[in-house]
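A.B. asks: Below you'll find the structure I mean.
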Amino acid sequence: RKIEQFMSQPFHVAEQFTGIPGMYVKLEDTIRSFEEMLSGKYDDLPVQAFRMTGTIDDVVEAAKKMGS
């Protein structure tokens, strides 16, 4: 479920529909993010923190703002 939400990254083409500015994420960051997610590093973060974020670092920040 977290991977599914993480794949909802804010794309530039969707900005006019979502109101969220699009983000460019480097391939290396995407690979690192998935490796860390699959290893269980972020199992303690809420699913909602993964929605419409760019990098895994953005997810961690979103989780902090949620109080996790």
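A.B. asks: Which of the residues that make up the stretch 46-68 are of a type outside the set (S, T, N, Q), in a loop (DSSP other than H, G, I, E, B) and farther than 14 Å from residue 2 by Cα?
C.D. replies: Start the filter on the stretch 46-68 by keeping residues that are of a type outside the set (S, T, N, Q), which leaves 46-47, 49-52, 54, 56-67.
Still in the running and in a loop (DSSP other than H, G, I, E, B): 46, 51-52, 54, 66-67.
If the condition is that a residue be of a type outside the set (S, T, N, Q), in a loop (DSSP other than H, G, I, E, B) and farther than 14 Å from residue 2 by Cα, then 66, 67 are the ones that fit.
A.B. asks: In the stretch 16-45, what residues are in a loop (DSSP other than H, G, I, E, B) and either buried (at least 16 other Cβ atoms within 10 Å of the Cβ) or aliphatic (A, V, I, L, M) (or both)?
C.D. replies: 20, 23, 25, 42, 45
A.B. asks: Looking only at the stretch 51-68, filter to residues that are closer than 18 Å to residue 28 by Cα and in contact with a Phe, Trp or Tyr (Cβ under 9 Å, 6 or more places away or on another chain); which one of those is modelled with the lowest pLDDT? Before you say what the answer is, go through the steps one by one.
C.D. replies: Pass one, the stretch 51-68, residues closer than 18 Å to residue 28 by Cα: 53-60.
Add one more test, that the residue is in contact with a Phe, Trp or Tyr (Cβ under 9 Å, 6 or more places away or on another chain), and what stays is 53-54, 56, 59-60.
Working: 53: 90, 54: 87, 56: 95, 59: 95, 60: 97.
That would be 54.
A.B. asks: Could you please tell me which pairs satisfy a Cβ distance under 6 Å, a separation of 6+ or placement on different chains, a first residue in the stretch 40-68 that is of a type in the set (D, E, K, R), and a second residue that is assigned to a loop (DSSP other than H, G, I, E, B)?
C.D. replies: 51/8
The values are calculated or read from the model by the stated rules, or taken from the named source; none is laboratory data. None of these values were measured; they are calculated from a predicted model. Note that each Cβ is placed from the backbone with ideal geometry, even for glycine, and that neighbours are counted across all protein chains shown.
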